1. Among the candidates 58, 44, which residue alone is touching a helix residue (DSSP H, G or I) at 6+ places or on another chain (Cβ under 8 Å) and either buried (at least 21 other Cβ atoms within 10 Å of the Cβ) or farther than 23 Å from residue 160 by Cβ (or both)?
2. When residue 107 is evaluated against the numbered criteria (1) within 17 Å of the chain's Cα centre (by Cα); (2) modelled with pLDDT of 90 or more; (3) closer than 30 Å to residue 129 by Cα, which criterion, by number, is the only one it fails?
3. Please verify whether the range 203-215 includes one or more residues that are at pLDDT below 90 and farther than 30 Å from residue 99 by Cβ.
4. Tally up the residues in the range 114-152 that are surrounded by fewer than 13 Cβ atoms within 10 Å (Cβ to Cβ) and at pLDDT below 85, please.
5. Tally up the residues in the range 192-207 that are crowded, with 18+ Cβ neighbours inside 10 Å, over 16 Å from residue 6 (Cβ atoms) and free of Cβ contacts under 8 Å to residues at least 24 places away in the same chain, please.
6. Could you identify the single residue in 51, 70, 63 that is under 27 Å from the mean Cα position of the chain (by Cα), more than 23 Å from residue 171 (Cα to Cα) and without any contact (Cβ under 8 Å) to a residue 60 or more places away in the chain?
7. For the range 7-90, list the helices (runs of 4 or more DSSP H) that sit wholly inside it and hold at least 3 residues that are under 22 Å from residue 201 (Cα atoms); which are they?
């Protein structure tokens with residue numbers, strides 16, 4: 001057998017036997033990305049919803065910066081977080097550099113603009129459809145944002161899943177702030193880069209296969225949510241939402 005076949009066979013064995021080293025790296029990756037997404041999504045949902053309905057001076061500038069942040073290279077984010085957490089940085093007293101917390105912070109900073117921008121666009125589109133109705137009912141900007149956020153909850157699930165996929169497939173930022181320390185800060189993407197450079201192809205292939213499987217499952221989940229949402233819309237199963245509240249509000253004014 002050639003090198004690729006040998007490496008692929010060994011990688012398959014590592015995955016099916018639940019190799020302890022492989023499992024620890026995968027679990028650490030999932031924990032880091034899940035923690036980062038929890039932080040980023042908690043902030044991004046509220047900020048994006050507010051930006052979707054609020055109108056203020058300089059809003060265009062804010063949106064321009066937000067859209068620019070979408071294209072920030074992960075290594076630049078890692079560098080900024082590194083400087084913040086370094087011993088001479090403003091957050092150096094935390095002692096987080098080259099730790100789990102540093103990787104969570106870096107990924108949260110990286111994912112936050114993605115969540116905020118996508119939520120903002122979704123809520124702004126919904127506000128065009130239902131904003132006047134909510135204003136006529138006396139809803140202030142804050143309440144309007146929260147109501148539309150709830151109304152678009154099924155659509156926004158795909159945003160949250162996409163954010164997790166963005167986080168778990170990131171390599172540059174966590175490499176910079178985590179240091180890729182075995183047993184502590186080594187995650188799937190950084191381990192793949194390291195093991196490939198060392199020539200340990202079976203472990204790199206096994207980690208790559210698991211990473212691809214995670215991304216595939218996330219995409220499948222997004223597709224299922226979209227189909228479920230379309231089916232519910234087609235059957236009119238939206239109790240309490242604006243889609244069913246609109247005819248009731250119209251009838252009550254007659």
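1. 44
2. Failing condition for residue 107: (3).
3. No, there is no match, as no residue in the range 203-215 is at pLDDT below 90 and farther than 30 Å from residue 99 by Cβ.
4. Total meeting the criteria: 4.
5. Here the count works out to 1.
6. On inspection, the qualifying residue turns out to be 63.
7. In the range 7-90, the matching helices (runs of 4 or more DSSP H) lie at 20-53.
The values are calculated or read from the model by the stated rules, or taken from the named source; none is laboratory data. Since this is a predicted model, take the numbers as computed values, not measurements. Positions of Cβ are generated from backbone atoms using ideal geometry, with glycine treated the same way; all protein chains shown enter the neighbour counts.
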